[in-house]
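Engineer: The structure under discussion is supplied below as structure tokens; questions concerning it will follow.
The values are calculated or read from the model by the stated rules, or taken from the named source; none is laboratory data. Being a predicted model, the structure only gives us computed values, none of them experimental. Don't worry about glycine lacking a Cβ; one is built from the backbone with ideal geometry, like all the others, and counts go over all protein chains shown.
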2 protein chains.
Amino acid sequence: MTHSKTTSVLLLFVCLTVFYSCAKEKNNAPFGGTWIDLSYTYDAQTPYWPTAEGFQLDTVFEGMTEGGYYYSAFQFQSAEHGGTHIDAPIHFAQGKQTVDEIPLENLTGEAIVIDVTDSVSDYIDYQINVNDFENWEKKNGTIKEDAIVLLRTGFGKFWPDKKKYLGTDQKGPAAVALLHFPGLNPDAAQWLVDNRSIKAIGIDTPSIDYGRSSTFKSHRILFEKNIPAFENLANLDSLPTSGSYIVALPMKIKGGSGGPLRIAAFLPEK
Amino acid sequence: MTHSKTTSVLLLFVCLTVFYSCAKEKNNAPFGGTWIDLSYTYDAQTPYWPTAEGFQLDTVFEGMTEGGYYYSAFQFQSAEHGGTHIDAPIHFAQGKQTVDEIPLENLTGEAIVIDVTDSVSDYIDYQINVNDFENWEKKNGTIKEDAIVLLRTGFGKFWPDKKKYLGTDQKGPAAVALLHFPGLNPDAAQWLVDNRSIKAIGIDTPSIDYGRSSTFKSHRILFEKNIPAFENLANLDSLPTSGSYIVALPMKIKGGSGGPLRIAAFLPEK
């Protein structure tokens with residue numbers, strides 16, 4: 001075999017190998033990979049805002065029927081904003097999207113994770129600030145257009161201990177003053193809407209504004225731009241800094257200001 | 001240039017083209033494509049089983065706050081099995097999966113659509129039978145392992161007209177005898193679990209068993225094998241016979257026998 005012929009055969013082999021691996025990849029797409037559940041279960045212990053009705057499940061029937069087969073069914077009640085849930089823009093921005101109006105395109109896409117666990121472990125009322133985003137970008141590059149931004153504070157480890165996770169296990173309006181947990185600084189929310197183009201934001205605390213907030217400015221800034229917020233996210237410590245894909249599918253409540261959210265991250269095969 | 005050299009250069013060019021298109025594909029994966037929402041909204045008109053509590057949304061607050069900003073929040077109640085929802089296996093099979101126990105892997109995957117619209121338009125109490133599956137396979141090949149099987153009856157066009165969609169708009173136990181809609185024949189359910197290996201099943205009617213059923217045998221056969229059912233699916237007429245991918249994310253109710261389901265189909269770019 002001449003040298004040229006050897007090269008040709010080698011190239012053909014490489015070409016076929018690439019093509020085969022490409023075809024294999026395509027065959028598995030888009031679901032060759034692993035799903036990670038970012039939602040907590042709803043039960044009687046699920047943390048809710050001190051002023052909100054909690055989750056309640058009532059048995060309709062459970063056991064053997066007259067027909068000789070097993071049957072179980074329940075009914076439930078809940079505030080929209082408890083457990084792993086979505087805040088629709090209209091929650092704090094008049095005329096903006098209700099939960100059923102948020103396009104699926106804005107609830108799905110590539111995620112980035114900003115980790116502020118160290119700062120929060122020093123100070124639980126920490127507010128994620130512009131520096132945190134700029135430092136992330138120094139290491140990882142500019143936040144991509146249409147990213148879903150997930151804020152990891154490490155507060156997931158306290159779930160569902162209300163005293164540690166919310167700052168209080170008391171109910172009622174007076175208990176709101178006892179809330180302590182980290183959140184997003186309104187300056188950083190403003191920086192995000194002014195300088196970046198993101199689809200949605202999420203956090204592993206009860207609210208995108210920190211527990212001490214009484215004006216909910218980060219909510220108002222984001223929601224005015226129809227950017228919804230995912231709250232009480234689970235398992236953020238299982239996600240890479242980038243390269244995961246989010247599918248966030250809230251209960252489709254007509255006119256709802258939010259609602260229960262089942263959200264999962266997909267890690268494509270390398 | 002010799003003939004061999006020309007061949008080498010040509011092969012290199014082909015190889016690079018394939019590699020480039022492969023890399024491009026990977027970069028877009030898994031979300032280069034279109035999402036289709038298969039869920040209806042929940043509101044006061046949402047059809048429920050005659051014996052079940054319907055959906056109710058109550059206003060907690062809506063309007064301007066003392067702080068000078070807009071705010072809205074609601075709370076709601078619902079039976080687990082109404083609107084676009086999932087039946088978890090434990091709904092009819094003791095000891096099988098509750099809704100929070102169904103793995104995400106079983107709620108995601110490639111869908112096939114079996115269309116029986118013509119048969120149903122002749123007879124609304126039609127039961128999808130083994131012949132329907134065998135005919136589908138003659139045209140499309142054997143149902144793939146791990147498929148999510150969607151049954152399209154055309155009943156979506158009646159939603160949310162309870163008289164047409166359920167067969168009755170009356171409530172209470174006596175109204176159950178008035179139910180009329182198509183479903184899956186228990187023989188076909190048995191054929192599926194005996195001969196194929198599917199992840200989940202879905203239908204665009206209120207129930208996987210047809211309206212005349214009083215024994216719910218298709219439920220019992222499927223659920224005994226931990227195959228959940230998606231009911232009251234929307235927009236099945238927008239799906240191709242194969243090649244769409246389902247992401248079905250139910251509300252994660254601890255111990256639930258089912259619950260509200262947000263389900264979407266993904267059509268990858270060709």
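Engineer: Of the residues that sit in region A:226-252 and are at the interface with chain B (Cβ under 10 Å from one of its Cβ atoms) and in contact with a Leu (Cβ under 6 Å, 6 or more places away or on another chain), which one is farthest from A:VAL99 (Cα to Cα)?
Structural biologist: Per the criteria, the residue is A:ALA234.
Engineer: May I pose another question? One residue is enough: does region B:218-225 have a residue meeting the conditions among the aromatic types (Phe, Trp, Tyr) and within 9 Å of chain A (Cβ to nearest Cβ)?
Structural biologist: Within region B:218-225 (the criterion being among the aromatic types (Phe, Trp, Tyr) and within 9 Å of chain A (Cβ to nearest Cβ)), the answer is no, since none of the residues qualifies.
Engineer: Determine, yes or no, whether A:TYR69 is of a type in the set (Phe, Trp, Tyr), modelled with pLDDT of 95 or more, crowded, with 20+ Cβ neighbours inside 10 Å and over 15 Å from the mean Cα position of the chain (by Cα).
Structural biologist: Against the criterion (of a type in the set (Phe, Trp, Tyr), modelled with pLDDT of 95 or more, crowded, with 20+ Cβ neighbours inside 10 Å and over 15 Å from the mean Cα position of the chain (by Cα)), A:TYR69 does not qualify.
Engineer: Could you please let me know if A:GLY63 is surrounded by fewer than 18 Cβ atoms within 10 Å (Cβ to Cβ), at pLDDT 95 or above and of a type in the set (Gly, Ala, Ser)?
Structural biologist: Judged against the criteria, A:GLY63 is a match.
Engineer: Also, quick follow-up: Please verify whether A:LEU233 is assigned to a strand (DSSP E or B), under 27 Å from A:ALA44 (Cβ atoms) and at pLDDT 95 or above, treating the condition exactly as stated.
Structural biologist: no
Engineer: Sort out which residues of region A:57-96 are more than 8 Å from chain B (Cβ to nearest Cβ), farther than 24 Å from A:THR205 by Cα, among the small types (Gly, Ala, Ser) and outside any strand (DSSP E or B), and write them in order of number.
Structural biologist: A:GLY68, A:GLY95
Engineer: Spot the failing condition for B:ILE124; the list is (1) more than 10 Å from chain A (Cβ to nearest Cβ); (2) in contact with a strand residue (DSSP E or B) (Cβ under 9 Å, 6 or more places away or on another chain), and only one is missed.
Structural biologist: The one condition B:ILE124 does not meet is (2).
Engineer: Still on this structure, I have one more. Within region B:259-266, does at least one residue satisfy the condition of being basic (Lys, Arg), at pLDDT 95 or above and surrounded by fewer than 24 Cβ atoms within 10 Å (Cβ to Cβ)?
Structural biologist: No, because not a single residue in region B:259-266 is basic (Lys, Arg), at pLDDT 95 or above and surrounded by fewer than 24 Cβ atoms within 10 Å (Cβ to Cβ).
Engineer: Just checking, does region B:186-193 include any residue being of a type in the set (Gly, Ala, Ser), at pLDDT 95 or above and touching a Lys or Arg at 6+ places or on another chain (Cβ under 8 Å)?
Structural biologist: yes
Engineer: Which one is nearest to the other protein chains (Cβ to nearest Cβ), of the residues in region A:201-217 that are touching a Pro at 6+ places or on another chain (Cβ under 7 Å) and not in a helix (DSSP H, G or I)?
Structural biologist: Of everything passing the filter in region A:201-217, A:PRO206 is nearest to the other protein chains (Cβ to nearest Cβ).
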